[in-house]
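Heads up: the structure comes next, in structure tokens.
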Amino acid sequence: MGVTGPSGPVMDRDEVDRALARLGAEHEAIETSLLALQDHAGRRLLEGAELTGTTKERWGAAEASITLLWAYFDAYADALRSAREIRSRRRWSNRDDLVELTELLRGESVTVAGSASATASAPTMAGTGKLSERFTLAELVDRMNQLYAQSLDMVVASDAVWSALPARIDLLAAELQRTRRLAHSVGVRPGEHPSGDDLERITRTLTSLREQVISDPLDFWLPAQGSSAPGGGRPDTTRYDREARALEEVRREIDAVLTVRQDAEARLVKLRDVLSRADRTLAEARSARGEVLAKIAASEVPAVSGPPTALQEQLATASEYRRHAQWHRLSPLLESLEEKAEYELLRARESLTAVTAPLAVRAELRGRLDAYKAKVARHGLAEDPLLVERYDAARRMLWSAPCDLRVAEQAVLRYQHAAADLLVPRVPDQGGPQDRRGER
């Protein structure tokens, strides 16, 4: 291939035939892709939609790119047609034909004249914004691939958002309407219950969200990081998911209200029982306090509070709500009352325990004194004068009223020490006292 031309070495017939076959295959592939883009559902939706924001801006550029794509394709097809005509002039192309084919197939032989609007919106190969450009066929194919990928990416992303979000929003809106009807049936209404206000807000948000998705789908698109494939990414469902969670919370609240409606009477009966037990426990504590003050001297006895009248008033209010089917008001009141009633019962029990503590101390001292008396009796020391004297002294203190617990405890300790002193010497070789009944 010693012959050369403006585009380099002149191609021979085999090279020309192979190049024409490759270009023909590329022509068919490009035409198929352009027709698929032309018929793409996303592109048709974009053409008919009232777009805003990012989508409007990018669709304007994409339309110009698609227009330019067809201009490039037409120029490419014309160049391929011209090359095929030259090659078909004669079976064995002469040198002039081969030079012409080489220039056409390898040189900057394709001139594309675009409209001002197309070239202004779609970036040109050289980035100059000229109304016409010259390409080699290879450069023209690369340029078409670039514009096609950009346009397809925009169309596919928009179509993916439109395919995913509006349907989900509509389903959520239908669920929202069912929830609103159910909420209305149990008295959960705007201005009367927080969940009613939430339903109104979710309704407004979903309506606005759907309008935004339809007019600006690309605002809801998250491109895949590091992906260069057209349409790489996923719809952004963050705002939708937030409203879906909010609706789920409202549904749980309404379910709680429905539960209240179903078992309100049982819960009210249980509340009355708990508060009644608290009242009885406080009454027992007050009675016990009087007994302690009468029987125990020099002891700090805590005061006992009165019955929880505020809770009784709230319980009466809950009964009114139940009678008038105001379930949305009854639900939070019952939850609060149940917690307070359990706390009130616990407080009453703690009060009774605190008030009767001196009596428990006296009972413990009495038991300890009798236990030691039984122990010394097993060792045959029950008649020991010192033990008898100290036992009688301790017993008088513990069984007299008022009983001074501090003095009585000292008396019990003196009896314990005297018993220990008598028991230990009777087992001289052991580390502790043993039962030596019968020895004297």
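The values are calculated or read from the model by the stated rules, or taken from the named source; none is laboratory data. The structure presented is a predicted model; accordingly, all values stated were derived computationally and were not measured. Every residue, glycine as well, gets a Cβ built from its backbone with ideal geometry; the counts of neighbours run over all protein chains shown. We work out accessible area using only protein heavy atoms, side chains counted, and drop any ligands, DNA or RNA first. Shrake-Rupley method; radii C 1.70, N 1.55, O 1.52, S 1.80 Å.
Computed quantities for the displayed model
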{"item": "Of the GluC sites (Glu not before Pro) in region 278-313, those whose Cβ has at most 10 other Cβ within 10 Å and which sit in DSSP loop", "result": "Glu300"}
{"item": "Region 339-383: C-alpha gyration tensor shape, a/c 1.5 cut-off, then a/b vs b/c", "result": "prolate"}
{"item": "Under-5 Å amide H pairs with Asp236, H placed in peptide plane, nonlocal only", "result": "Trp221, Leu222"}
{"item": "1.4 Å probe accessible area per residue over the chain, in Å²", "result": "54"}
{"item": "Modelled FRET efficiency - R0 56 Å, Ala371 with Glu313, Cβ distances, 0.05 increments", "result": "0.65"}
{"item": "Whole-percent carbon and sulfur share, accessible surface of the chain, 1.4 Å", "result": "51"}
{"item": "Amide H within-cut-off set for Ile296, under 5 Å, with H built and near neighbours excluded", "result": "Cys403"}
{"item": "Peptides ranked, highest mean first, by Cβ atoms within 10 Å: ranges 80-90, 253-263", "result": "253-263, 80-90"}
{"item": "Rel. contact order, % - alpha carbon contacts under 8 angstrom, at least six apart, region 342-429", "result": "32"}
{"item": "Lys/Arg +1, Asp/Glu -1 at C-beta; region 28-113 dipole; positive extreme among Leu46, Leu104, Ala61", "result": "Leu104"}
{"item": "Label corresponding to mean projected area of the Cα convex hull in nm² when calculated from the structure given, among (1) 22.0; (2) 52.1; (3) 48.4", "result": "(3)"}
{"item": "Three-way shape label, region 290-333, alpha-carbon gyration tensor, a/c 1.5", "result": "prolate"}
{"item": "Cα gyration tensor shape for region 206-302, rounded if a/c is under 1.5, else prolate or oblate", "result": "prolate"}
{"item": "Cβ-Cβ FRET estimate between Glu108 and His184, R0 fixed at 60 Å, reported to 0.05", "result": "0.25"}
{"item": "Net charge contributed by nearby residues that have their C-beta within less than 11 Å of Thr317 (K/R +1, D/E -1)", "result": "+1"}
{"item": "Net +/- balance of residues flanking Gly231 in space, Cβ distance below 14 Å, scoring K and R +1, D and E -1", "result": "+1"}
{"item": "Relative contact order of the chain, pairs being alpha-carbon contacts under 8 Å that are 6 or more residues apart, as %", "result": "12"}
{"item": "Anchor Lys340: lysines whose Cα lies under 30 Å away (excluding residues fewer than 8 positions away in-chain)", "result": "Lys270"}
{"item": "Förster-model FRET efficiency, 22 Å R0, Ser287 and Val407, C-beta, rounded to 0.05", "result": "0.25"}
